[in-house]
Structure formats: C-alpha cells, structure tokens
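This report refers to the structure that appears directly beneath it.
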Amino acid sequence: MRASLSVRKPIVTQNGRGVSLGAGDACLTSCAASGSYDQPTLSGVLSPLRRIAFRYPDSEHFAVALTASTAPRVNAPARDTLANFLDIVEMNGANHPDNRRIAISAMTAISKPLAAGQKIFAVAPMMEWTDRHCRVLHRLLSSQALLYTEMVTAEAVIRGDRARLLGFDAVEHPVALQLGGAEPTRLAEAARIGAEFGYSEINLNVGCPSDRVQSGRFGACLMREPALVADCVAAMRAAVPVPVTVKCRLGVDDQNPEESLRTLIDACAQAGVTIFAVHARKAWLEGLSPKDNREKPPLDYDLVYRVKRERPELTIVVNGGIATLDEAARHLEHADGVMLGRAAYQSPAILAQVDARFFGGDAREIDAATDAYCDYVGAQLAKGVPLHAMTKHMLGLFSGRPGARLFRRHLSENATRAGAGIGVLRDALAHLQRAGDLAAA
Ligand SMILES: Cc1cc2nc3c(=O)[nH]c(=O)nc-3n(C[C@H](O)[C@H](O)[C@H](O)COP(=O)(O)O)c2cc1C
C-alpha cells in the first residue's frame, strides 16, 4: 500500500523548546518530502522515533500514536493513524496540559477490532516479571508482540497507588492490563481507570491458582462460576471503549475440561467478549503450588483447537508450554494467536525474530535493542529507579553467546549494590564484547 502524506505545520510547544513533537514531526516531514511512503518505510522510521520519545518526556502522546500505528490490533492504514493523531493533537494543542488524555483519544480513535485472519503473538502476564521495565525491553525486541501487565487486583487499582501500579511508558503499546477480581462493579471501575491510563485492552484473569487469589474467590476458581464471570466482563465492557478479553484455564480440579472450557467461553461470548487466551491445562486448586500448576496438569492443545474450530467467530489464543517460534508457528495453524510466558521472559532474544517471522517486518538486532534499552535505563536511573529493577529482565538476553555467563554474573553481583549506575550495565556488556572479540580472533 502506498499513500501520500500531507506535510503538516510543525507544532511548537508552549515552553518554547519546541522539541518533542517537533523532533518527530521533522522525521515525518522528511518522509513526506519524498512524496509517498509505505508501511515498511513507516516502520523504518519508527525505531528512531521511539528513541526520540524516550528523551522527551512530553512527547508521550506522539510515541503512543506511532507505536499504535504498527500495533497488531490496529488495522487502519498507518497514514490514517498518523493523520488522525496529528489532527487530535492540533485540535487540542501540542501543549495541552494532559498529554495522556490526548494519547487516549488517539488510541481510541485508531483502535479497531482485530481484522479477520490477523494473528496475535503475545507475551503472557507474569507477576513480578512483566513489569513496565520488562515490557519496554520486550517492545524494543518486537514492535508487534502484544504485551501484558502483571495481574493487578481491581481493589489495588481502585484504592492503591495508581501511578506505581498502572504507570507505563507509551513505547510499550500495544499493552493490555490484566485485572484480578470477581466483583462486577469493582472490576468495571478498575477497567475504567485502566482504560483512562491508556491501556489498549483490559483482560480478566480466570487462570491464576494461587491461595491468595483463591481466598479472594477469583483467578482460576472462577472457572466454576461462568455466570459470574459473564457479569464481570459485561460490566467491564460497558465501562471501557477498548476490548475486554479473558485469560482462562481448561477447568479446575475435577471439572470435565470439555465442558468447563466451552461453558466459560460461551458465557463470556454471550456477554460480548470475542478474544480469549487459554492456558491449555487445568489448574488443580488443592495441593499444587502455582509453579506446579504450570507444569503438572497435562497440556491439551487439541481441545483448544477444537473449541476454535467450533467457534470460528471468536479469537482464540493458545498458551502453555510453547518454547520456540517453530512451535508457535505450528499452533498458529490451528489458533488465532499464541501467548508465550516463560520462554519469552527467560530467552527474550526469541522476540527479536517475531516481527520478521509472523508480521512481515524486519528482525530486530539484539545489540541495537540493547543500546536503546541502555538509553531507557539511563533515563529511569535519573528518576530514581534502581538499576537492578531494569537489568534483572536482561539476564537471559544473551544466552548462548560468548560471555553471557560473565554478563549475568556481573549484573547479579553488582546491580543490586546501593548506588549502582549505568556503568555496571556497561561493564557487564563489555564482558560480551571481549568474549565476542576473542571468539572472532
Ligand atoms: C512468574 C510467573 C508469574 C505469572 N503470573 C501470572 C499472572 O499475573 N496472570 C496470569 O494470568 N498468569 C500468570 N502466569 C501464568 C502465565 O501467564 C502463563 O499462563 C503460564 O506461565 C503458561 O505459559 P508458559 O508455559 O508459556 O510459561 C505467571 C507465570 C509465571 C511463570
């Protein structure tokens, strides 16, 4: 698809710096000056623009629209996306006091339902793992993967420190907020708050088996209460303009998965949910730890595929035990999407191949992504974020490469020290460089 883009007036910020949108606008203007551009050219300009966005905090809204324009869930032509966004910014003024609100308007304006046949590659929600820093790293490795937050309970969203629990960087888009809860009105309120923060999807957790979650009567034990889940998602859908989705198990304990999965999905579909991520094993609520519940109950992918075949109108994403992109590709022959958890976290380098393998984009260079992440780490350190909170997500990034063990060891030994700065990360990376040079010599 080739399309022309009209050259727009540069937007100057009120404080006179005129840089945030101006910097991005300059890139767009130079693209436009070439007369026309197509989707690949656009994705070519996105990475430098994302890096610009890191440096100018008030360009968040700009970055949101740019990242959203290549999102798996956005099927509008990229030029319309950008044009919509720029119109919104022009209408509101680039110096609008609430950039996030502008970003949400842009997101809402460009969010479209999944196109038929559009595949999803998602990184699963994982407590303590898929925090905002992890998601930035993952986004630098793939522009197309759909990212999820850790589960946040509805009560925490409503009563807790929202900036800490929900804050995220615009470059993470598309990013879905996963909520835990079982109270329709509370979930609706939490979903509304999440959508206002700019999340592109709100997901309900119907799969977590931990004791804490069971005592709150939510998570996997909701597999026993499909009518309540339907009430919850109906209330959430009524509260937000973005998709409400469900992540579930096949069933729990002695439930017959052939029945429990279909009943749960049908109840939610009746309430208007069209997208489901299914962890393709039951959860055993008595006697198994959450960790064992990710290993011991056997996987049954075939059941998930059959449910998809019977309900072609629904989008079914398969999750559980998918370790490689080859395996993911095989699942995609039977399901609309794949969701990887541990493999993506422990070996994030596989994400660098996702755009090329599944979305017709370019493979990402790990070293370029690492450079960009170093910029991000530097900016976050300046805001007081401890180094370890960001570098812990990189430990598996170079697995299999010469020097990877030294890299990990250096970070493990030094990144948690008080006052640890970017130098620790640079020194860890130097181990890789040296080992690489030695191997090449
Ligand atoms: C450390 C960890 C934390 C997890 N936290 C969540 C969570 O917050 N919400 C959720 O729905 N699933 C959670 N899960 C389950 C994963 O989303 C996923 O369903 C599971 O790991 C199976 O996928 P995998 O085999 O690709 O890892 C967690 C898994 C791990 C390993």
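What the table below lists for this structure:
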| quantity | calculated |
| --- | --- |
| Matching entry among Ala335, Ala323, Ala372 (being touching a helix residue (DSSP H, G or I) at 6+ places or on another chain (Cβ under 6 Å) and at pLDDT below 95) | Ala372 |
| Residue list for the stretch 333-364, filter: within 24 Å of Glu295 (Cβ to Cβ) and part of a loop (DSSP other than H, G, I, E, B) | His334, Ala335, Gly341, Ser347 |
| In the stretch 200-226, the residues that are within 15 Å of the ligand (Cβ to nearest atom) and within 20 Å of Met339 (Cα to Cα) | Glu201, Ile202, Asn203, Leu204, Asn205, Val206, Gly207, Cys208, Pro209, Gly219, Ala220, Met223 |
| One residue from Leu395, Leu332, Leu325, Leu340 being out of contact with any Pro (no Cβ under 8 Å at 6 or more places or on another chain) and under 21 Å from Val171 (Cβ atoms) | Leu340 |
| Condition check for Asp362: surrounded by fewer than 15 Cβ atoms within 10 Å (Cβ to Cβ) and in contact (Cβ under 8 Å) with a residue 60 or more places away in the chain | yes |
| Any hit, the stretch 373-396, residues being away from the ligand (no atom under 16 Å from the Cβ), aliphatic (A, V, I, L, M) and in a loop (DSSP other than H, G, I, E, B) | yes |
| Complete set of residues in the stretch 376-408 that are more than 23 Å from Ile350 (Cβ to Cβ) and not hydrophobic (A, V, I, L, M, F, W, C) | Gly378, Gln380, Lys383, Gly384, Pro386, His388 |
| Tally, over the stretch 189-212, of residues that are assigned to a helix (DSSP H, G or I), surrounded by 24 or more Cβ atoms within 10 Å (Cβ to Cβ) and at pLDDT below 95 | 1 |
| Checklist (1) away from the ligand (no atom under 14 Å from the Cβ); (2) farther than 28 Å from Phe398 by Cα applied to Gln178, failing item | (1) |
| Residue under evaluation Tyr345, criteria (1) within 16 Å of the ligand (Cβ to nearest atom); (2) in contact with a strand residue (DSSP E or B) (Cβ under 8 Å, 6 or more places away or on another chain); (3) over 30 Å from His410 (Cβ atoms), criterion not met | (3) |
| Which listed residue, of Arg186, Arg164, is basic (Lys, Arg), outside any strand (DSSP E or B) and at pLDDT below 95 | Arg164 |
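Rundown of residues vs (1) touching a Cys at 6+ places or on another chain (Cβ under 7 Å); (2) part of a loop (DSSP other than H, G, I, E, B); (3) more than 13 Å from the ligand (Cβ to nearest atom), yes/no style:
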site: Val278; (1), (2), (3): yes, no, no
site: Glu286; (1), (2), (3): no, yes, yes
site: Lys296; (1), (2), (3): no, yes, no
site: Val304; (1), (2), (3): no, no, no
site: Val318; (1), (2), (3): no, no, no
site: Glu327; (1), (2), (3): no, no, no
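The values are calculated or read from the model by the stated rules, or taken from the named source; none is laboratory data. These numbers were taken from a predicted model, which means no experiment stands behind them. Reconstructed Cβ throughout: ideal geometry from the backbone, glycine too, with neighbour counts over all protein chains shown.
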